[in-house]
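Enquirer: The structure's right below; bear with me while I get my questions together.
The values are calculated or read from the model by the stated rules, or taken from the named source; none is laboratory data. Given the structure is predicted, the values throughout are model-derived calculations rather than measurements. Cβ sites come from the backbone with ideal geometry, for glycine too, and all protein chains shown count toward neighbours. These area figures cover heavy atoms from the full protein model, side chains too; ligands, DNA and RNA do not enter into them. Shrake-Rupley method; radii C 1.70, N 1.55, O 1.52, S 1.80 Å.
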Amino acid sequence: MGTAFDNIRSFATRTTKRALGKPGGGIVGAFVVFALACCSYLLNVSNLSRVRNVAAVAVVEVETRSNDGHVRSRGASTPPLFQYRADNVAVTTVARNNDHDVTSRRRNDVLDFFIIGFPKCGTTTLLYSFKTHNETVIMPREYCQINVGGSDEDAVGDLAAALDNLSTSRNVKRGIKCPNSVRFVKGINRINKKSFDTRLIIGVRNPILFFQSYYNYRISEMYNKNKIVKVPPPETLIGSRSWKHVSTDLARFELSLMQLGKVSLSTRDLKRMASKKLEVAPTPFKVFIYSVEQLDDDNEKRAERFRAEMQDFLGLIDPIPPFSHENINRNTKHTEHMNICDERYGDLRKLLSSQGNVTQRWIREKFIESKDVFVGGQTYFNQLIQKWGDDPCQASRET
């Protein structure tokens with residue numbers, strides 16, 4: 001396929017150069033560029049940006065010459081020359097000036113970033129931050145429809161329509177948040193078929209505190225929606241036994257992260273995944289991982305560096321401002337809420353800390369070693385997750 005494309009490009013370039021030296025050459029050159037775009041579409045070239053760039057440069061050359069072959073003023077802007085269709089999405093290319101500054105209406109199915117997890121790990125804080133940044137737009141609430149029901153085509157089509165309601169500007173990064181997508185990767189697989197470079201953002205936290213926060217959140221959610229049910233005791237949610245996805249298995253972050261296919265897995269890893277009905281679904285998308293404490297770091301210089309690294313990962317020009325605190329359930333207490341530091345949960349904490357030690361070692365020694373994985377403030381990140389083998393309740397009692 002690449003050879004066919006290169007042959008067409010070479011022919012178009014030679015023909016255009018010859019045409020530019022003759023009367024009427026501008027028209028001939030424009031026709032050749034148009035033919036290039038049509039052939040590229042028929043050949044189903046997957047790298048549309050490559051087609052777009054080749055065509056755009058040719059358009060500039062044609063449009064800066066008159067019919068007698070003389071160069072016109074390169075400073076003058078020119079109108080749209082042609083329009084072609086790729087993957088059923090119209091793209092208009094415009095040549096503007098001598099530096100080949102070419103703009104085009106973005107594909108309407110492009111998702112720039114996806115906050116995929118984990119629940120109760122600062123994902124809402126990021127949502128509010130990206131709502132207010134001048135270079136990003138994000139769905140105002142969780143968008144998890146991409147994970148469920150219907151055909152892949154319908155799910156992606158619905159997402160594309162929702163994204164267009166946010167913005168169609170090429171200068172704005174568009175994103176969604178669904179913090180269970182790191183566990184249920186159907187949505188990532190669907191997006192993988194359409195977007196070229198979606199950036200994934202993943203937050204983690206101490207598994208003991210994660211379990212407590214997620215369990216209490218589900219209870220608050222139950223009351224907020226006025227759908228009261230009998231709540232299972234936390235110490236019964238062991239292994240695959242879950243309530244509204246709350247379980248000790250979900251706190252084994254490595255099981256979810258393995259699905260992304262970023263590192264080689266042992267036979268033992270694959271067997272563990274199969275026993276949990278998980279499977280490897282490799283994605284080319286880059287991943288940014290952080291620990292929730294980094295969003296509220298008192299060390300201002302370290303916090304600023306962390307935000308700068310996230311800014312660079314997303315390709316933003318303006319800095320990300322300090323994060324605000326967003327938690328609507330913080331001051332709402334219900335009788336079913338748990339305090340995981342209570343004595344009755346000692347065995348539960350012991351299990352979670354044992355699992356946590358395995359998890360943090362896998363993340364440090366394998367996951368973040370992948371070329372596709374970026375860590376915000378890696379030194380501090382490692383310091384934080386290395387404590388997952390310890391009981392934070394015991395540490396708080398000692399202080």
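Enquirer: Would you check if VAL185 is within 20 Å of GLN145 (Cα to Cα), open to solvent by 10 Å² or more (accessible area, probe 1.4 Å), within 22 Å of the chain's Cα centre (by Cα) and among the β-branched types (Val, Ile, Thr)?
Expert: Values: within 20 Å of GLN145 (Cα to Cα): yes; open to solvent by 10 Å² or more (accessible area, probe 1.4 Å): yes; within 22 Å of the chain's Cα centre (by Cα): yes; among the β-branched types (Val, Ile, Thr): yes.
So VAL185 passes the test.
Enquirer: Let me ask something else. Can you tell me how many residues within segment 244-260 are more than 11 Å from ARG183 (Cα to Cα) and under 18 Å from the mean Cα position of the chain (by Cα)?
Expert: Let us first name the residues in segment 244-260 that are more than 11 Å from ARG183 (Cα to Cα), namely 244, 246-248.
After this cut, where a residue has to be under 18 Å from the mean Cα position of the chain (by Cα) as well, the list is none.
Summing the residues that are more than 11 Å from ARG183 (Cα to Cα) and under 18 Å from the mean Cα position of the chain (by Cα) in segment 244-260 gives 0.
Enquirer: Please specify each residue of segment 119-137 satisfying the condition of being at negative phi and outside any helix (DSSP H, G or I).
Expert: Result: PRO119, CYS121, HIS133, ASN134, GLU135, THR136, VAL137.
The rows are residues; the columns are (1) over 20 Å from TRP388 (Cα atoms); (2) part of a loop (DSSP other than H, G, I, E, B).
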{"residue": "ILE208", "(1), (2)": "no, no"}
{"residue": "TYR214", "(1), (2)": "no, no"}
{"residue": "ARG218", "(1), (2)": "yes, no"}
{"residue": "VAL231", "(1), (2)": "yes, yes"}
{"residue": "SER240", "(1), (2)": "yes, yes"}
{"residue": "THR248", "(1), (2)": "no, yes"}
{"residue": "LEU257", "(1), (2)": "no, no"}
{"residue": "TYR290", "(1), (2)": "no, no"}
{"residue": "ARG305", "(1), (2)": "yes, no"}
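Enquirer: Could you check segment 337-346 and list, in sequence order, the residues that are part of a helix (DSSP H, G or I) and farther than 16 Å from VAL231 by Cβ? Walk me through it before giving the result.
Expert: Our first condition is that a residue be part of a helix (DSSP H, G or I); within segment 337-346, this holds for 343-346.
Within segment 337-346, GLU343, GLY346 meet the criteria.
Enquirer: Could you tell me whether any residue of segment 277-292 is small (Gly, Ala, Ser), surrounded by fewer than 18 Cβ atoms within 10 Å (Cβ to Cβ) and at pLDDT 95 or above?
Expert: No, there is no match, as no residue in segment 277-292 is small (Gly, Ala, Ser), surrounded by fewer than 18 Cβ atoms within 10 Å (Cβ to Cβ) and at pLDDT 95 or above.
Enquirer: Which count do you get for residues in segment 338-386 that are open to solvent by 70 Å² or more (accessible area, probe 1.4 Å), in contact (Cβ under 8 Å) with a residue 40 or more places away in the chain and polar (S, T, N, Q)?
Expert: Final tally of qualifying residues: 1.
Conditions tested, residue by residue: (1) of a type outside the set (Phe, Trp, Tyr); (2) under 30 Å from ASP312 (Cα atoms); (3) not in a strand (DSSP E or B).
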site	(1), (2), (3)
LEU348	yes, no, yes
SER354	yes, no, yes
TRP362	no, yes, yes
ILE385	yes, yes, yes
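Enquirer: Given the residues ASN134, ASN180, which is the only one that is out of contact with any Lys or Arg (no Cβ under 6 Å at 6 or more places or on another chain), open to solvent by 40 Å² or more (accessible area, probe 1.4 Å) and not acidic (Asp, Glu)?
Expert: ASN134
Enquirer: On the given criteria, is ILE146 buried (at least 19 other Cβ atoms within 10 Å of the Cβ), β-branched (Val, Ile, Thr), under 16 Å from the mean Cα position of the chain (by Cα) and modelled with pLDDT of 95 or more?
Expert: no
Enquirer: Something else: If GLN394 satisfies all but one of (1) open to solvent by 60 Å² or more (accessible area, probe 1.4 Å); (2) modelled with pLDDT of 95 or more, what's the number of the condition it fails?
Expert: (2)
Enquirer: Okay, next question. Among the residues of segment 151-167, write down those that are within 16 Å of ASN189 (Cβ to Cβ) and among the polar types (S, T, N, Q).
Expert: Answer for segment 151-167, where residues must be within 16 Å of ASN189 (Cβ to Cβ) and among the polar types (S, T, N, Q): just SER151.
Enquirer: Name the single residue, out of those in segment 259-276 being open to solvent by 70 Å² or more (accessible area, probe 1.4 Å) and not in a loop (DSSP other than H, G, I, E, B), that is farthest from GLN355 (Cα to Cα).
Expert: THR267
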